[in-house]
1. Inspect all residues belonging to the stretch 61-78 and state whether any of them is part of a strand (DSSP E or B), farther than 30 Å from residue 27 by Cα and modelled with pLDDT under 85.
2. Which of the following residues is outside any loop (DSSP other than H, G, I, E, B), modelled with pLDDT of 55 or more and surrounded by 10 or more Cβ atoms within 10 Å (Cβ to Cβ): 29, 40?
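The values are calculated or read from the model by the stated rules, or taken from the named source; none is laboratory data. Bear in mind the structure is a predicted one, so any value in this text is a computation, not a measurement. Note: ideal-geometry Cβ built from the backbone for every residue, glycine included; neighbour counts use all protein chains shown.
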């Protein structure tokens, strides 16, 4: 029993050594100089920080726009149009006085009523 355990342990250690040797050889082929790894890692770190900063700026801009839109709508409501005239005819047709529709604030009847009162 002990002999079987020692054989399996030796086989496992041999497999682990072979895997480590293969990985190290791939590592040496891909990265012959350790400074390349440092450059790649710093490049990765710099890009990650730039992405985080850009994301935070984008979120900040969107939040500021939402706050600005909300404040604009609450403090400065749209002014009503003082006078709007709508025509019932096409632009090239001759416009008669009967074709003109007035809004309530620009109606001649309203002005006559105000003058009489």
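1. Of the stretch 61-78, the ones part of a strand (DSSP E or B) are none.
No, that holds for no residue.
2. On the way: 29 fails: surrounded by 10 or more Cβ atoms within 10 Å (Cβ to Cβ).
Going through 29, 40 in turn, the sole match is 40.
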